[in-house]
Every structure is written in structure tokens, then in C-alpha cells.
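Below is one structure, written out as C-alpha cells; comments come after it.
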Amino acid sequence: MYKGINASDGVGIGVARVAVEPDLSFTPHVPKDLAVEKERYTAAVAKFVKQTNAQIERMTATMGAETAAIMQAHNDFAEDEGIREMVLDSIESGMCAEQAVSDAYGTYYTMFSQMDDELFRERAADVADVKTGLLADLLGKEVINLSDLPERSIVVVHELTPSMTADMDRAHIVAIITETGGRTSHSAIIARALEIPAVLSVPDICTEVKTGDLLVVDGSKGVVIPDPSDADIEHYRVKAKQLLEWKAKLQEYRGKKTVTADGKKLLLVANIGNPDGANTALENDAEGIGLFRSEFLFMDAKAYPPEDEQFAAYQKVALRMKDKPVIIRTLDVGGDKEIPYLGLVKEENPFMGYRAVRYCLANPGQFKIQLTALLRASAFGDIKIMIPMITNVDELRQAKALVEECKADLDARGIAYNKDIEVGVMVETPAAAFIADDLAEEAAFFSIGTNDLTGYTMCADRGNDKVAYLYETYQPAVLRALKAIIEAGARKGIMVGMCGEAAADPLLTPLFISWGLEEYSVSSPSILATRRQIAHWTKAEADELAAKVMKLKTVTEVKSVLQAAVK
Ligand code: PEP
Ligand code: MG
């Protein structure tokens with residue numbers, strides 16, 4: 001049995017598909033028949049183009065034509081006349097197809113990666129992808145494509161990146177296992193949003209299991225069982241059935257208001273990562289969007305997305321959600337969120353470095369493009385702007401000043417927007433927690449980012465297994481910070497919400513009710529369970545439990561008291 005981090009609940013019984021980079025090394029040889037060699041190359045290109053077209057078709061259906069268009073660059077490079085001539089000339093001079101492809105695409109890769117223009121430099125990645133695809137085919141190796149998998153696949157990867165998930169074949173994937181990442185890493189967040197059971201940070205799993213191995217993945221416990229016995233399979237089938245029954249039972253909360261047992265109305269909204277997430281949010285009965293992680297738009301692009309493209313994405317969410325509130329977070333780059341074309345230099349301590357609002361304020365030209373796109377979209381729904389990683393009042397003032405500049409520009413362009421758009425703060429640093437009173441005077445709302453706040457408060461990186469035992473929102477230090485933030489917001493009369501993963505933790509719900517948290521932003525599949533949990537507590541009961549918990553000194557005590565109380 002392998003043990004990892006329980007990142008996304010549920011049971012998956014299926015066959016491993018280990019997606020490691022294939023070994024594409026080869027020994028060059030002199031081909032016997034040049035015509036056959038040219039034919040091998042032509043066939044590899046045709047196969048590559050066919051596969052890419054199928055991928056574009058699937059992506060268009062699931063993610064829209066704009067996102068799918070990114071893949072067209074692959075076909076353009078596969079069929080490029082200049083490259084084709086280069087490859088055929090090399091074969092004609094006696095090279096094997098593998099060497100000819102490797103040389104030609106290698107030359108183009110170097111050329112693009114050395115260009116001054118960032119847009120062209122970005123093309124180098126496409127060239128490299130095409131080279132890998134063609135070489136793998138010529139060598140008879142398989143590049144596992146997560147968009148086209150057999151039924152009941154268990155994806156085993158070193159790291160699940162947002163681009164891998166962009167066109168993942170959700171219908172055929174029953175579980176995910178990775179070698180890196182924690183509960184709040186983006187892989188985990190994506191797995192939960194897609195309702196795929198996931199176990200992360202299993203050491204060496206890519207070498208321990210082979211494609212074709214039968215596995216059982218228990219995402220709730222964080223275990224992977226290789227070569228399961230009949231009894232194991234039966235046990236987990238029962239468990240999977242119970243989970244389904246639990247989900248069916250939660251349906252009774254569909255269409256209901258989110259109220260505590262003594263009738264206080266709270267707001268239950270969803271976290272989304274792309275515009276289509278709004279559909280999933282509505283399907284799961286969300287009352288709005290509490291966090292649209294806009295960086296996914298930037299991560300899926302090859303260059304900084306222009307104003308119109310961003311506007312279209314934000315407008316789509318606004319229109320889908322109609323008059324429901326939609327909080328869109330401005331670009332949160334850095335830390336574990338890499339966007340290669342922004343050219344951020346690798347830092348010693350990326351989580352404490354140049355990220356989120358720091359990057360945005362240092363690049364006001366880019367920042368204003370996003371703010372303008374958000375303002376334009378605000379004419380189509382109840383959009384609010386949220387600034388991540390705030391540590392001081394100056395940052396908030398500067399961001400708000402830029403919003404005002406963008407408003408003036410839009411006035412000059414005669415474009416409509418909501419003049420009273422709210423600008424709120426994501427409270428996710430201890431600094432912001434300490435000055436919550438001051439921030440609350442200038443922010444329209446707070447949304448607490450417990451994923452980062454837990455890490456920064458405990459000085460424990462969310463992706464570092466060695467300090468995972470410290471990364472706990474139940475730690476008394478984190479709970480005190482949360483209480484202080486919620487109470488500071490309430491004192492100043494602004495709405496306080498929470499969009500970190502803790503918002504969906506049933507153990508913590510009574511504490512939040514007691515302290516006065518008004519908005520709970522959770523992944524779409526967690527909506528009904530959170531509504532159920534909220535419905536089980538009165539303020540008086542929650543107060544009693546909170547008073548007891550806040551006297552406790554250790555995380556173990558806190559957890560055991562909360563576990564005993566959960567309803
Ligand atoms: C957080 O930090 O709690 C949060 C919601 O944002 P992210 O996980 O994207 O950093
Ligand atoms: Mg964060």
C-alpha cells in the first residue's frame with residue numbers, strides 16, 4: 001500500500017496510466033530506402049495532425065473555440081513547409097527520419113527561443129511539443145495524452161499542471177495520483193473541482209507502478225492499493241456505493257436557502273478557475289461566485305491575454321450568473337502559480353517573493369488591462385474585484401487608484417461599467433490579519449484565503465511534505481487569526497467571506513458561524529454538504545463550541561473536540 005495526501009475524496013478502481021516523459025533517445029542510422037524513410041516521416045506528420053484535430057474538437061466542445069485554438073499552432077508547425085523541406089532534404093542526404101526531425105525542429109526551437117519578441121519566444125514551446133510528438137511516433141513510443149484515455153484510467157503523474165488538466169478526459173479518469181503537491185496545491189483544487197478522487201505526494205509512484213497495473217485509490221484516506229485482492233475490490237466497491245448514497249442524500253439541500261438552524265441567512269458561493277466553472281457552480285446550486293481564480297486564464301495562454309479576450313471571459317461569467325454576485329480575483333502569479341511568458345525570475349522563496357499584487361503594481365500597464373476588462377464586464381452582472389496577497393494599506397490604495405484611472409479611461413472611450421464596483425481584499429497574509437481593522441475601512445469586503453494564511457502563519461509551505469504536519473488550519477495560531485479578521489470586518493460593517501479550502505471544512509463551520517462569517521466560497525461539489533452543515537448549527541451552540549475550542553492550546557486537542565462535535 002502507498003500512502004500520500006488525501007486531496008480529493010472518493011474511490012477509484014481502475015488501471016494505471018503512467019504519464020512520464022517517454023525516452024526519446026535513438027541511435028542514428030543510414031536508411032536503406034530513402035523513399036520509405038520519407039514516407040515514415042509523412043505518416044508521422046499525418047498522424048500527429050489527426051490527433052491534434054481530434055483534441056481541438058474535444059477542447060472546442062468542453063472549453064470553447066478560443067482555448068482550443070491554442071492547439072492549432074501545433075498543427076501549423078507540424079505541417080510547416082519550411083520545416084518539411086528541411087526534413088526531406090536531410091533524409092535525401094542520407095539521414096534517418098528521427099535524426100532529420102530532431103535536427104530540423106531543434107534548429108527552429110533555438111531560433112524561436114532566442115527571439116526578442118516574447119510572442120515568438122513562446123512559440124518555442126509549441127515547436128518542442130511537435131518534435132516530441134513526431135519523434136515518439138517514429139520511435140514507436142507513447143506520449144500519454146490525458147485528453148484521450150481508455151475507460152477507468154488512473155492517471156499517475158509526477159505533477160498535475162493546469163495545462164495537463166485543460167483538456168483532460170474527465171469521463172474516463174477514475175482517479176489521479178501524483179508525486180508532488182498538497183491538499184491546497186492547484187492539482188488538488190482541480191481534482192476536487194472535477195470530483196476526481198486524488199492522492200498526492202506519493203513518493204516515486206511513477207516508477208513504483210506501471211501502465212496497465214490494477215489499482216485502487218482511496219482519495220478520502222490518501223492511500224493507493226496496488227494489485228488489490230478480490231476482497232479489497234469488494235470493500236472499496238461498497239465504500240464507493242456509500243459515497244454515492246451520501247451524495248444522493250445531500251440532494252435534499254438543493255434549491256434550499258443557506259440558513260443556520262436558528263434561521264440566519266448566509267451566502268454560499270463557489271470557487272471557479274475558468275468561465276465554464278460558472279456552469280458547474282450553477283448545476284451545484286451555488287448562490288454566486290466567491291472566487292474566480294483569474295490566473296487560470298493567464299496560465300492557459302501563450303502570452304498576456306489582451307483586454308478583449310479577458311473581457312469576454314469575465315463577461316461570460318457575469319452573464320451566466322445573472323444578478324448573483326461574482327468576485328473575480330486579479331492576477332495571482334508567483335508562488336506555486338507559474339506563468340512562463342511573464343518572465344518571472346526563479347526566487348529563493350517564491351511564496352514570499354514577487355507575486356500577486358506585488359507583480360501587478362510593478363506592472364501597472366498590464367494590471368490596467370485586467371482592471372479595464374473587469375470594469376467592462378461589470379456592466380453585465382454583479383462583478384466585484386478582489387486583490388490577492390495584500391500586506392498593507394498602501395497596496396490597496398494603489399490598486400484602487402488604478403481602478404479609478406481605468407474608470408476615467410472608459411469614460412473617455414464612452415464604455416459602460418458599474419461606477420460603484422466593489423474592490424475587496426483577499427486576507428491571506430498575517431500582515432493583513434494584524435491590520436484588518438485598517439484595511440476594513442478602505443476595502444468593500446474581505447475574503448479570507450486560508451490556504452495561504454495557514455502557510456504564512458505557520459511558516460509551512462503548502463507543498464512541502466516535511467512540514468505538512470504544521471500546515472493545519474486547526475492550529476490555535478491560525479484560528480485566532482481567523483477570528484480576529486472576521487470580527488474586525490464585522491466591526492467595520494463590511495462583508496467577510498472565506499474562499500480558502502477551510503470554508504468547506506465541516507469541522508470548522510460552527511466556529512465560522514460563531515465568529516460571524518457571512519459568505520462561504522467552496523468548490524462546486526462541496527456546496528450541498530456545506531449547506532447541510534450550516535443548517536445543523538444554531539448561533540448559541542456554535543458559540544459554546546467556539547468558546548471551548550479557543551481555550552485549547554494544541555492542534556490535537558482542537559481537532560478532537562471539533563471531530564466530536566461535527567454533525
Ligand atoms: C487561498 O490562499 O486561500 C486561496 C483561496 O487562494 P489560492 O489557493 O489560489 O492561493
Ligand atoms: Mg492564496
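Read the figures in this text as sums done on the coordinates, not as results from a lab. All values reported here derive from a predicted model rather than from experimental measurement. FYI the Cβ positions are ideal-geometry reconstructions off the backbone, even for glycines, and counts take in every protein chain you see.
This model, with +1 at the C-beta of Lys and Arg and -1 at the C-beta of Asp and Glu, gives the chain a dipole about its Cα centre of some 2420 debye. Exposure proxy shown here: for 326, 549, 566, the number of other Cβ atoms within 10 Å sets the order, fewest to most, as 566, 549, 326.
3J(HN,Hα) couplings calculated from phi for segment 192-200 with the Karplus curve 6.51 cos²θ - 1.76 cosθ + 1.60 (θ = phi - 60°) are, in sequence order, 5, 4, 8, 6, 10, x, 9, 10, 10 Hz; Gly and Pro show x. Which of the listed residues, 202, 476, 25, is farthest toward the dipole's positive end in the chain, when Lys, Arg count +1 and Asp, Glu count -1 at the beta-carbon? It is 476.
Distance from the Cα centroid of segment 347-399 to that of segment 414-443 is 11 Å (rounded to whole angstrom).
Taking a ≥ b ≥ c as the square roots of the eigenvalues of the alpha carbon gyration tensor, segment 231-299 is oblate, as a/c is not under 1.5 and a/b does not beat b/c. Only DSSP H runs of four or more residues enter the estimate; each adds -39500 (n - 2.57), and after division by the residues of the chain the mean residue ellipticity at 222 nm equals -15000 deg cm²/dmol. When the Cα atoms of segment 261-565 are aligned to their principal axes, the ranges along those axes come out at 57, 45, 34 Å in descending order. Relative to the Cα centre, the charge distribution of segment 419-567, modelled as +1 at Lys and Arg Cβ and -1 at Asp and Glu Cβ, gives a dipole magnitude of about 560 debye. Per residue, the average separation of C-alpha pairs within less than 8 Å and at least 6 apart gives the chain a relative contact order of 14 percent.
Basic side chains Lys and Arg get +1 at the Cβ, acidic Asp and Glu get -1 at the Cβ, and with that the dipole of segment 261-565 about its Cα centre reaches some 320 debye.
Distance from the Cα centroid of segment 312-337 to that of segment 111-152 is 30 Å (rounded to whole angstrom). Summing Lys and Arg as +1 and Asp and Glu as -1 over all other residues whose Cβ lies under 12 Å from the Cβ of residue 454 gives a net charge of -4. Compactness ratio for segment 398-514: Cα radius of gyration over 2.2 N^0.38 Å (N = residue count) comes to 1.26. Net charge near residue 259, counting Lys/Arg +1 and Asp/Glu -1 over other residues with Cβ under 11 Å of its Cβ? Net of charged neighbours comes to +4. Extending 7 Å from the Cα toward the beta-carbon at both residue 50 and residue 438 defines two label points whose distance is 6.5 nm.
Loop-located chymotrypsin sites (Phe, Trp or Tyr not before Pro) in segment 1-102 (DSSP state not H, G, I, E or B) with no more than 16 neighbouring Cβ atoms inside 10 Å: 26. Label separation (residue 110 vs residue 354): 2.9 nm, computed from points 7 Å beyond Cα along the C-beta direction.
Put in order of Cβ neighbour count within 10 Å, fewest first, the listed residues 229, 514 become 229, 514. For segment 34-139, a Kirkwood hydrodynamic radius built from all Cα pairs, placed in the Stokes-Einstein relation at 37 °C and 0.692 mPa s, yields a translational diffusion coefficient of 230 µm²/s.
Placing a label point 7 Å from the Cα of residue 539 along the Cα-to-Cβ line, the residues of segment 247-268 whose backbone N sits under 15 Å from it are 259-267.
Note on segment 174-246 and segment 447-484: Cα centroid distance 25 Å, given to the nearest whole angstrom. Counting other Cβ atoms within 10 Å as a rough exposure proxy, the listed residues 224, 209 run 209, 224 from fewest neighbours to most. Sparse packing (at most 11 other Cβ atoms within 10 Å of the Cβ) combined with a DSSP loop state is found for the following trypsin sites (Lys or Arg not before Pro) in segment 508-566: 551, 553. When you restrict to C-alpha pairs under 8 Å that are six or more residues apart and normalise by the size of segment 500-558, the relative contact order lands at 40 percent. Based on Cα contacts under 8 Å between residues 6+ apart, segment 149-226 shows a relative contact order of 27 percent. Backbone geometry of segment 290-298 corresponds, through the Karplus equation with coefficients 6.51, -1.76 and 1.60 at θ = phi - 60°, to 3J(HN,Hα) couplings of x, 7, 9, 6, 5, 5, 4, 4, 7 Hz, x marking Gly and Pro. Taking each residue as 0.36 nm, the span from residue 210 to residue 35 lengthens on full extension beyond its C-alpha to C-alpha distance by 59.3 nm.
Selection among 555, 490, 280 by position relative to the dipole of the chain gives 490 as farthest towards the positive end (Cβ unit charges, Cα centre). I need the Debye-formula profile for the chain: one equal scatterer per C-alpha, no solvent, reported as log10 I(q)/I(0) at q = 0.12 1/Å, two decimals. These q points yield log10 I(q)/I(0) values of -1.24. In order along segment 41-49, phi translates into HN-Hα couplings of 5, 4, 5, 5, 5, 4, 5, 4, 5 Hz, rounded to whole numbers, per the Karplus curve 6.51 cos²θ - 1.76 cosθ + 1.60 with θ = phi - 60° and x for Gly and Pro.
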